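*Asks:* Dumping the structure here so I can ask a few things about it.
Nothing in this text is a laboratory measurement; each read-out follows from the coordinates by a stated rule. Quantities reported herein were computed from a predicted structural model and do not represent experimental measurements. Because the Cβ atoms are built from the backbone with ideal geometry, glycine has one as well, and the counts that use them run over all protein chains shown.
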Amino acid sequence: MEINNTQNNSRESVESSKKDEPIQVRATISCPSCGYKKKFRNQFLRKDLELLIVAVKVFEWLTCNKCGDLLKLDLDFNF
Ligand SMILES: [Zn+2]
């Protein structure tokens, strides 16, 4: 129990020291029907994470230019 607590504490201090670094986000949208694929890369500060959530909600409504199917969105975070 004590060993676990020590590990948690050290991990938290690393997290807080990286607080001001931007989060790298890689978004891949792909069409399951025709194979259309597009990649985006962006950076967000932790305090701007709400902007990312808004952007993701827009992505959810994107449809494929070629066949009109709903596009699939994959997000990759690099904290
Ligand atoms: Zn398509």
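*Asks:* Assuming R0 = 30 Å, can you tell me the calculated FRET efficiency for the pair Y36 and F77, based on Cβ-Cβ distance, to the nearest 0.05?
*Replies:* 0.80
*Asks:* Let me ask you something else. Across the range 24-38, in residue order, what do the Karplus-derived ³J(HN,Hα) couplings come to in whole Hz, using 6.51 cos²θ - 1.76 cosθ + 1.60 with θ = phi - 60° and x for Gly and Pro?
*Replies:* 7, 10, 10, 10, 10, 9, 9, 9, x, 8, 10, x, 4, 8, 9
*Asks:* For a footprinting-style exposure proxy, rank F59, F79, F44 by other Cβ within 10 Å, fewest first.
*Replies:* Listing F59, F79, F44 from fewest to most nearby Cβ atoms yields F79, F59, F44.
*Asks:* I would also like to ask the following. Over all directions, how big on average is the projection of the convex hull of the alpha-carbon atoms in the range 22-78, in square nanometres?
*Replies:* Across all orientations, the range 22-78 yields a mean hull projection of 3.6 nm².
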